[in-house]
1. Relative to the longest principal axis of the C-alpha atoms of the chain, give the angle of the C-alpha long axis of helix 52-65, reported between 0 and 90° and rounded to the nearest 10°.
2. Can you tell me how much longer the chain between Asp3 and Asp15 gets when fully stretched, taken as 0.36 nm per residue apart minus their C-alpha distance, in nm with one decimal?
3. Determine, from the Cβ-Cβ distance of Ala162 and Arg193 and an R0 of 25 Å, the FRET efficiency 1/(1 + (r/R0)^6), rounded to the nearest 0.05.
4. Using a 10 Å cut-off on Cβ atoms, rank the peptides 25-32, 242-249, 146-153, 10-17 from the highest mean neighbour count down.
5. Can you give me the C-alpha center-to-center distance between the range 177-205 and the range 141-162, rounded to a whole angstrom?
6. Placing +1 on the Cβ of each Lys and Arg and -1 on the Cβ of each Asp and Glu in the range 3-305, which of Ser280, Tyr302, Pro25 has its Cα farthest towards the positive end of the resulting dipole?
7. How big is the C-alpha Rg of the range 3-305 next to the rule-of-thumb value 2.2 N^0.38 Å, as a ratio?
8. What value, in deg cm²/dmol to 500, does the helix sum -39500 (n - 2.57) over DSSP H runs of n ≥ 4 give at 222 nm once divided by the residues of the chain?
Amino acid sequence: MADEERLDYTRKLLDDVRFPQPIPPDFDPVAATPEQLAQYGLPLRPSMDEAPHDFARWEKMVTELKGMELVRPSFKVIQRDVTSRTRDRYEAQKWKKTNWAGAVISDFVFNLVESDWTVPRPEPGQGDHIAWYSAAYVGLDGYRMNSDDVLAGGTGHDYYTAKNGFYKTYAWFEWYPAYPVELEGFPVRPCDRVFCEVLGDLPRDDKKGAFFIYNYTTGKYTSLSFCAPPGVGLRGDSAEWIVEGEEPEANFHVVEFDRCRAQKTNRRWYNLSSAATVTSTCEDGTVCTATIQDDETVIVRYGGARDK
């Protein structure tokens, strides 16, 4: 796909972005309808009866949010030589197998995926370059070969050699084939603890999506709703917890995705008990591995160069 076409898709996506209203002091999220939760940009409520532990964590978080700052960030398009995936089947297969590592569930139709993690501090990766890149995210539709979209959001961690070397960390979201978009003005720093959720509106509307991020460390959050780029719709055919590295990949050390959950369109919640892991091996020799530690945790490690 031509760069200009992707840029046009991205402009249309950003033109449609909507921010939620601030949470009123007297708002009761436990008694709220799903529509009211969406109005204030809050994550969906787990069932108190079917998932009591998840409900308790959700209740604690949304109660905290009532006193936190809602940020309305500005947008910066992330346009590099290679970003995310391509529609070409061969290239999609290459993307899937070589430059991301993590956990995937692909046996059902999902409407939501979420997780907590700690933002890593990036360092230079392999080779002699001017920059290295990595991103941690939760996503939908990134695994199946017949999927032509990716709805994702998370944190980026880049390292640059200019000015004696410096790193950059930031929040971002994406609905491919639009470009990824940085959320400028939403602070994300190494060692910050974040919660991210990507949400669709299946089965009612495959053109609607949303991204929510809460920085536990700073007490700030933001929530965005938007429509799909032209010509694509959410399939929900996979849920992913991923660290992706555009080559050259930054050394992110370790990202531990905790409280990994995904929700089917029938509102049933799933953890990692049925997930598969994916290991990345980039062309520059960088290897990243994923290990499922328990039903809610997958650990992704940067391993450096593979053995020759």
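1. 90
2. Roughly 2.5 nm would be gained on extension.
3. 0.30
4. Descending mean neighbour count gives 242-249, 146-153, 10-17, 25-32.
5. 11
6. Pro25
7. 0.93
8. So the helix-based figure for the chain works out to -4000 deg cm²/dmol.
Values quoted throughout were computed directly from the atomic coordinates according to the rules given, and no laboratory measurement underlies them. All values derive from a computational prediction rather than experimental measurement. Here the Cβ is made from the backbone with ideal geometry for all residues, glycine too, and neighbour counts use every protein chain on show.
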